[in-house]
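Here's the structure we're looking at; comments come further down.
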Amino acid sequence: MVKLEYPIQMEIAGPTAIWTRPDTGDSPISYPAPTYSAVKGIFETILWGPAVEIVPTKVEICRPIRYHSYATNYGGPLRDPKNIKAGNNYQLFATVLIDVCYRMYAIVRPYVNKKRLPESAKKWDLRTTAPGHAYQEMLERRLIRGQSYGSVCLGWNEFTASYFGPFRDGTSVCTDIEDVFLPSMLRQTFSDGYSSQFAPVYDTSVVIHKGILFFSNKEVRP
């Protein structure tokens, strides 16, 4: 019998991070740990597999949770049309995390709804009988080499990682972080993968216990 699910893992660290809570409006505040979709996105930045699905399982927090005030000049598309036309930016204030380090875990498995795959992904899928295993091996090689398809960041693009790769010997879980309770935590915004519509879903009653956040393994749909 062909094994379908394969474990993957990596470590990531950086001076600044934000895992935005949608309920904090135009002065965003970070969750204390990466969301399900953020972990998924970081793995996909290292290696995107066209015919596989990455399912995050847990995050280990390896440095104390420290918040910090942050301000920047925003010049993006969410500005008032008048400001866009005039070329005016506005100051954006946020509450971010500083000096962060995480160990991230997930499983990788074949993409279930293959009818929705692009033609290029279907061709890739036909060339292997174990796409999860292929992804696992390619990811491990890229982590050792420090390779990625895009800029590996911790939330916002300007918060680039100072390290990403295999687990380091000197890294350990902050077990003194006990029972951080989150009534609601964003899971994903495009939950059905390819060609899906904006439809955010949330996990409820999330607990970070002894520095570890476990993601729900149930199938969540909008």
(request) Inspect all residues belonging to the range 158-170 and state whether any of them is outside any loop (DSSP other than H, G, I, E, B) and free of Cβ contacts under 8 Å to residues at least 24 places away in the same chain. (result) no
(message) Against the condition hydroxyl-bearing (Ser, Thr, Tyr), farther than 29 Å from residue 131 by Cα, out of contact with any strand residue (DSSP E or B) (no Cβ under 6 Å at 6 or more places or on another chain) and surrounded by fewer than 22 Cβ atoms within 10 Å (Cβ to Cβ), how does residue 20 come out, does it pass?
(response) yes
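With respect to residue 78, determine if the residue is over 30 Å from residue 181 (Cβ atoms), among the hydrophobic types (A, V, I, L, M, F, W, C), over 13 Å from the mean Cα position of the chain (by Cα) and not in a helix (DSSP H, G or I). First the steps, then the outcome.
Numbers: over 30 Å from residue 181 (Cβ atoms): yes; among the hydrophobic types (A, V, I, L, M, F, W, C): yes; over 13 Å from the mean Cα position of the chain (by Cα): yes; not in a helix (DSSP H, G or I): yes.
In short, yes.
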(message) Condition check: among the hydrophobic types (A, V, I, L, M, F, W, C) and either surrounded by fewer than 17 Cβ atoms within 10 Å (Cβ to Cβ) or modelled with pLDDT of 95 or more (or both). Does residue 126 satisfy that?
(response) yes
(request) Confirm whether residue 58 is in a strand (DSSP E or B) and either of a type in the set (Lys, Arg) or more than 30 Å from residue 109 (Cβ to Cβ) (or both). (result) yes
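The values are calculated or read from the model by the stated rules, or taken from the named source; none is laboratory data. Just so it is clear, the structure is predicted and the values come from calculations on it, not from any experiment. Note: ideal-geometry Cβ built from the backbone for every residue, glycine included; neighbour counts use all protein chains shown.
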